[in-house]
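Heads up: the structure comes next, in structure tokens.
The values are calculated or read from the model by the stated rules, or taken from the named source; none is laboratory data. All figures in this text were calculated on a predicted structure; none of them were measured in a lab. Because the Cβ atoms are built from the backbone with ideal geometry, glycine has one as well, and the counts that use them run over all protein chains shown. All accessible areas refer to the heavy atoms of the entire protein, side chains included, with ligands and DNA or RNA removed. Shrake-Rupley method; radii C 1.70, N 1.55, O 1.52, S 1.80 Å.
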Amino acid sequence: MDACFYCEKDERLDKLMIRITVLPWSIVYLNRNQNHKGRCIVAFREHRTEYFQLSPEENAGFFADVSLTAKALTNVFKPGKINYATFGDLVPHAHFHIVPKYPDGLQWGKFFGDEPKLFLDEDEYRERIQQIKAELDRLLS
Ligand SMILES: [Zn+2]
């Protein structure tokens with residue numbers, strides 16, 4: 001019931017995000033709430049609750065995946081800045097929120113938030129995922 005949805009990959013996860021691709025140390029998801037265009041989540045490939053539980057190699061690899069995702073989002077969407085956040089009180093599986101912010105856009109200069117939510121239709125999600133995946137593949141090749 002309370003098992004981790006990043007591990008279970010069940011409907012709780014599907015309601016919030018869509019898988020984009022698998023990187024060497026993580027899985028990248030598009031957040032269904034696209035109130036910040038391109039907002040993604042990078043989840044570590046195994047269940048760990050704190051970064052100090054990762055080996056130095058895992059930490060370096062995971063952060064490289066986080067950085068690569070941020071670079072891909074920057075190349076595709078041209079934000080003014082990427083915001084990075086990791087919380088996990090209620091979902092204690094190591095994951096970063098990768099949130100592109102845009103000058104004069106929502107919450108520029110402030111903490112990003114989930115409200116107001118912005119959901120896309122399935123074609124728009126597909127297109128956004130394809131753009132991000134193509135750029136990640138290009139950066140990895
Ligand atoms: Zn987990």
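Can you pull out every residue in the stretch 1-26 that is in a strand (DSSP E or B) and within 11 Å of the ligand (Cβ to nearest atom)? Passing the criteria: none in range.
For the stretch 91-101, how many residues meet the condition of being in a strand (DSSP E or B) and either of a type in the set (A, V, I, L, M, F, W, C) or exposed (fewer than 15 other Cβ atoms within 10 Å of the Cβ) (or both)? Total meeting the criteria: 3. Of all positions in the stretch 38-58, none carries a residue that is in a helix (DSSP H, G or I), open to solvent by less than 10 Å² (accessible area, probe 1.4 Å) and closer than 19 Å to MET17 by Cα. Selection of the stretch 66-90 for residues being open to solvent by less than 40 Å² (accessible area, probe 1.4 Å) and within 16 Å of the ligand (Cβ to nearest atom) yields only GLY88.
Could we say that GLY105 is in a loop (DSSP other than H, G, I, E, B), on the phi > 0 side of the Ramachandran plot, away from the ligand (no atom under 14 Å from the Cβ) and touching a residue at least 24 places away in the same chain (Cβ under 8 Å) here?
no
Taking the conditions (1) under 27 Å from GLU8 (Cβ atoms); (2) part of a helix (DSSP H, G or I); (3) open to solvent by less than 80 Å² (accessible area, probe 1.4 Å) in turn, LEU120 satisfies each one other than (2).
Only residues in the stretch 71-91 that are within 20 Å of ILE129 (Cβ to Cβ) count as the first member; pair them with residues that are open to solvent by less than 20 Å² (accessible area, probe 1.4 Å) and of a type in the set (D, E, K, R), Cβ under 9 angstrom, at least 6 apart or cross-chain, and list the lot. Listed by first residue and then by second, the contacts come to LEU73/ARG39; PRO79/LYS101; ILE82/LYS101.
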